[in-house]
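To start, the structure itself, in structure tokens.
The values are calculated or read from the model by the stated rules, or taken from the named source; none is laboratory data. All figures in this text were calculated on a predicted structure; none of them were measured in a lab. Please note: Cβ atoms are built from the backbone with ideal geometry, for glycine as well, and neighbour counts cover all protein chains shown. These area figures cover heavy atoms from the full protein model, side chains too; ligands, DNA and RNA do not enter into them. Shrake-Rupley method; radii C 1.70, N 1.55, O 1.52, S 1.80 Å.
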Amino acid sequence: MEYSEYAGEIEDQEKKETRRKSAKPLLWVGMVGILMAFAGLTSAYLIRHSDSDWVSFELPDSFFISTASILLSSIALILSKRAVKKGNLSQVKQFVGLSLIFGLGFVVAQFYSYGVLVENGHYFTGSNISSSFLYVLTGFHLAHVISGIIVLIVLLVRSLMEKYTAEEHLGLSLGATYWHFLDVLWIYLLLFLLFIR
């Protein structure tokens, strides 16, 4: 092996190690930022909730379907991580694909829920402030889920290309962490909206 090839390999290893050390902290910083935004929105909801013009109404049952979808999506990602650690790449592909399908199911169920809200006279604007808050909270979460869907597509493409191995699966781990975060965030929002209406 020539010196230039050897030096190039060392440089590649150093880049990988730097990426490995910085990727998780950067992801956590991003998730904390998202969490702070939701904390601000739910605080505003609580303050406005005490006003006399607040109107309480039932949440669409389809919110529970979307909850089941995102939970199943997270379970599939957990199974994909177990499979990659065992070196079972065919299962990794299957479970990441399932996770993407259930994630898309969440998105479809959310849009269906918005349709139900509109049918019941609860619009984003013009009906009451409580429905506006519902759309803002769930819509802001949905926007992050759509970014998560993009992450799942990347994970699926990379798993189909067999880029993840038992030794090297940082991308899969980071993507799964972000998706689980969105899952927990949705459960928090749903419970918040169920108990404070």
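Table for the structure above
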{"read-out": "Filtered residue count, the stretch 168-197, keeping only those that are among the acidic types (Asp, Glu) and either at pLDDT below 95 or open to solvent by 30 Å² or more (accessible area, probe 1.4 Å) (or both)", "value": "1"}
{"read-out": "Count - residues of the stretch 147-167 that are among the aromatic types (Phe, Trp, Tyr) and either surrounded by fewer than 21 Cβ atoms within 10 Å (Cβ to Cβ) or under 17 Å from Ser73 (Cβ atoms) (or both)", "value": "0"}
{"read-out": "Residue within the stretch 87-106 that is assigned to a loop (DSSP other than H, G, I, E, B) and farther than 20 Å from Glu58 by Cβ present", "value": "yes"}
{"read-out": "Failed item in (1) farther than 23 Å from Ser43 by Cα; (2) open to solvent by 60 Å² or more (accessible area, probe 1.4 Å), with Phe106 passing the rest", "value": "(2)"}
{"read-out": "Single condition Ile47 does not satisfy, out of (1) without any contact (Cβ under 8 Å) to a residue 40 or more places away in the chain; (2) closer than 21 Å to Leu174 by Cβ; (3) surrounded by fewer than 18 Cβ atoms within 10 Å (Cβ to Cβ)", "value": "(2)"}
{"read-out": "Filter pass, Gly139 being free of Cβ contacts under 8 Å to residues at least 24 places away in the same chain, open to solvent by 10 Å² or more (accessible area, probe 1.4 Å), of a type outside the set (Lys, Arg) and assigned to a helix (DSSP H, G or I)", "value": "yes"}
{"read-out": "Given (1) within 22 Å of the chain's Cα centre (by Cα); (2) outside any helix (DSSP H, G or I), number of the condition Tyr123 does not satisfy", "value": "(1)"}
